[in-house]
């Protein structure tokens with residue numbers, strides 16, 4: 001069963017060369033792959049346990065309006 005949640009948090013952002021900024025983790029897509037929103041851009045993210053933060057890929061991980069969510 002997938003967990004659906006919204007969590008605003010400080011994340012490492014790809015377009016900021018890994019700098020920190022607030023993003024919203026919208027839902028879990030699969031094991032350690034999440035749908036995120038950063039400045040209105042929906043994109044992929046993953047949780048990095050050594051950094052204890054999400055890493056948001058707003059450059060290569062951009063997602064269109066139709067997202068396959070495993071249903």
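The values are calculated or read from the model by the stated rules, or taken from the named source; none is laboratory data. No experiment lies behind these values; they were computed from the predicted model shown. Reconstructed Cβ throughout: ideal geometry from the backbone, glycine too, with neighbour counts over all protein chains shown.
Based on this model, can you work out whether residue 7 counts as at pLDDT 95 or above and surrounded by 11 or more Cβ atoms within 10 Å (Cβ to Cβ)?
Answer is no for this residue.
Could you check the range 30-40 and list, in sequence order, the residues that are part of a loop (DSSP other than H, G, I, E, B) and in contact with a strand residue (DSSP E or B) (Cβ under 6 Å, 6 or more places away or on another chain)?
32
Rundown of residues vs (1) surrounded by fewer than 15 Cβ atoms within 10 Å (Cβ to Cβ); (2) in contact with a strand residue (DSSP E or B) (Cβ under 6 Å, 6 or more places away or on another chain), yes/no style:
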| residue | (1), (2) |
| --- | --- |
| 28 | no, yes |
| 42 | no, no |
| 50 | yes, no |
| 53 | no, yes |
